Amino acid sequence: MRKLFTYCAVSAATMFGLYIVQPSFSVSANDVKQIYKDTCELCHGPDGKGSEAGKQFGVPNFADPDYQRSRTDDQMKESMTKGTKNPNYVPLGDLGVDLSHLDALIQLVRGFGG
């Protein structure tokens, strides 16, 4: 009986451990909105048009159709990961953002353009 309990306990602990460390391959819309709120909104504003501080730093207006047309998704991803010419910009990886969420974050930014 003790062996059965030990095998069950070890199996259960292993399964639980695998569940905890399993990476998430999808991100919910709420997660992306929270990432934006936590890392982008301070400068880019809740609507993507730029906060007052962000405008002073020269952030782009994500709601501007001309801006949206001027940038490919790959260019946005590069800006998000490597930074921009703006010295006030901090790449998202440096802020602790899981870079696997970039595609979803780009779609959120694209949504500001209408």
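The single condition among (1) at pLDDT 95 or above; (2) surrounded by fewer than 14 Cβ atoms within 10 Å (Cβ to Cβ); (3) of a type outside the set (D, E, K, R) that Gln68 does not satisfy is (2). If you check Gln107, Gln56 for being in a helix (DSSP H, G or I), over 23 Å from Asn30 (Cβ atoms) and of a type outside the set (Lys, Arg), only one passes: Gln56.
Checking each residue in the stretch 34-64 for being surrounded by 14 or more Cβ atoms within 10 Å (Cβ to Cβ), among the polar types (S, T, N, Q) and over 17 Å from Ser79 (Cβ atoms) picks out only Ser51. Within the stretch 86-93, the presence of at least one residue that is in contact with a Ser or Thr (Cβ under 9 Å, 6 or more places away or on another chain) and not in a loop (DSSP other than H, G, I, E, B) is confirmed.
The values are calculated or read from the model by the stated rules, or taken from the named source; none is laboratory data. Computed from a predicted model, the values in this text were never measured in an experiment. Note that each Cβ is placed from the backbone with ideal geometry, even for glycine, and that neighbours are counted across all protein chains shown.
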